[in-house]
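Laboratory data are not the source of any read-out in this text; all were calculated from the coordinates shown. Please read these numbers as outputs of a predicted model, since none were measured by experiment. Neighbour counts are summed over all protein chains in view; Cβ atoms, including those assigned to glycine, are modelled from backbone coordinates with ideal geometry.
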Amino acid sequence: MKNNGISSFYQSEINSGFFVLRFKNDGEVPLRKQQEVNQDVIQFHFCLKGQTNFTFNEGRYTFQVLEDHSMLLYNPLKALPIDVELAPDTWMVSILISIAKFHSLFSTDANHISFLSLENSTRKYYDNLPFSSSIAVVLSQILQAKVHDSMKSLYFKGKAYELLSLYFNKSEDPSVEQCPFLVDEENVQKIRKAKQIILERMTDPPSLEALALEIGLSLKKLKEGFKQIYGETVFAYLLDYKMEEARRMLNSQKYNVNEVGLKLGYSTSSHFIAAFKKKYGTTPKKYLGSVSS
């Protein structure tokens, strides 16, 4: 486990040969992560936001996984250790599962999953595709899990199974997935539109009532949906974004504290200073001084 406040990496073992990896790079520079992986392991990598660059065979091959895309990798003849660079503001979830464990989960579905068929048993397999909104919701729940330590193993096990079942579900009938409100693609797009609106108008954001009306959802569904996808309330998310923007602007050393506050929509510098100190534990002036020193 690694967590420095800006970037984090957690590995959870679900069963023998079955792991969930969680990556977050909330910093301003790319983050590189390397990990050995046995050749009998199937790898699933899901980029919830940002972008990742995977390198294999000592730099001879590179694969890019963009936001809302996943990559599946399997090569029974060669180990594929993870060597990934996460761009700034990137979140990723990876599932590593041995082929034996995977077969035990999907033994009755080999005809449905092409690389499990007998003729493909010794062939390498690669896939890079966009994933559904239902998968995005599960990924967000995995990355932002707020469960007691004693429950984490069970929680991640359930979410990993759900993720794999959604990944391989080819049904066109949404009722088969037993999905909640947010799996409806139209509703998810409305929630994403709400996020876009508040970020574009962060200096003068609409009220929740006006926002709900603009995107065409009830106030209740806006609140519930936003928190399920992004892990925070609408205005808590906006505040985090504004504070991150403040930090970036101060890091650039192009603006003084008052200018940053005004650009972020604060009518008084005292309000900006209070919000910044609550978020980072120091005042913007002291932070700026540490950057320029």
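If a paramagnetic tag sat 7 Å from the Cα of Ile6 along the Cα-Cβ line, which residues of the range 22-59 would have the backbone N under 17 Å from that point?
24-33
Would you kindly derive the ³J(HN,Hα) couplings of the range 96-105 from the backbone phi angles with the Karplus curve 6.51 cos²θ - 1.76 cosθ + 1.60 (θ = phi - 60°), listing them in order in whole Hz, with x for Gly and Pro?
Coupling constants for the range 96-105: 10, 9, 5, 5, 5, 5, 5, 4, 5, 7 Hz.
Pick out, from Ile95, Gly225, Thr283, the residue whose Cα sits farthest towards the positive end of the charge dipole of the chain, with +1 on the Cβ of Lys and Arg and -1 on the Cβ of Asp and Glu.
Thr283
Using the Karplus curve 6.51 cos²θ - 1.76 cosθ + 1.60 with θ = phi - 60°, work out ³J(HN,Hα) for each residue of the range 233-250 in order, rounded to whole Hz, and write x for Gly and Pro.
After applying 6.51 cos²θ - 1.76 cosθ + 1.60, I find 5, 4, 7, 5, 5, 5, 4, 4, 5, 5, 5, 5, 4, 4, 4, 5, 5, 5 Hz.
Which FRET efficiency value, to the nearest 0.05, do you get for Phe63 and Met151 by plugging their Cβ-Cβ distance into 1/(1 + (r/R0)^6) with R0 = 30 Å?
Efficiency, from the Cβ-Cβ distance: 0.30.
Between Leu199 and Tyr125, what is the spin-label point distance in nm, taking each point 7 Å from the Cα along the Cα→C-beta axis?
3.4
Going by alpha carbons, how many degrees (0 to 90, nearest 10) lie between the helix axis of 185-200 and the longest principal axis of the chain?
30
As a quick test, which of the pairs Lys33/Lys242; Lys24/Lys159; Lys101/Lys157; Lys146/Lys190; Lys152/Lys221 have an alpha carbon distance above 22 angstrom in this structure?
Details: Lys33/Lys242 28 Å; Lys24/Lys159 18 Å; Lys101/Lys157 13 Å; Lys146/Lys190 25 Å; Lys152/Lys221 28 Å.
Flagged as over cut-off: Lys33/Lys242; Lys146/Lys190; Lys152/Lys221.
Read phi for every residue in the range 152-158 and hand back ³J(HN,Hα) as whole Hz from Karplus 6.51 cos²θ - 1.76 cosθ + 1.60, θ = phi - 60°, with x for Gly and Pro.
Once θ is set to phi - 60°, the couplings for the range 152-158 become 4, 4, 5, 4, 5, 4, x Hz.
Give me the angle, in degrees from 0 to 90, between the Cα long axis of helix 269-280 and the longest principal axis of the Cα atoms of the chain, rounded to the nearest 10.
30
Give the label of the value calculated from the structure for mean projected area of the Cα convex hull in nm², choosing from [x] 17.8; [y] 28.4; [z] 13.7.
Matching entry in [x] 17.8; [y] 28.4; [z] 13.7: [x].
Show me the ranking of peptides 84-97, 134-147 by mean Cβ neighbours inside 10 Å, starting with the highest. Don't jump to the answer; show the numbers that get you there.
Values: 84-97: 21.9, 134-147: 19.2.
Ranking the peptides 84-97, 134-147 by packing returns 84-97, 134-147.
For the pair Thr282 and Asn15, what calculated FRET efficiency results from E = 1/(1 + (r/R0)^6), where r is the Cβ-Cβ distance and R0 = 30 Å, to the nearest 0.05?
0.10
Calculated from DSSP H runs of 4 or more alone, at -39500 (n - 2.57) each and per residue, what is the 222 nm mean residue ellipticity of the chain, nearest 500?
-13000 deg cm²/dmol, from helical runs alone.
In degrees from 0 to 90, rounded to the nearest 10, what is the angle of the helix 219-230 Cα long axis to the longest principal axis of the chain?
Between helix and principal axis, roughly 60 degrees.
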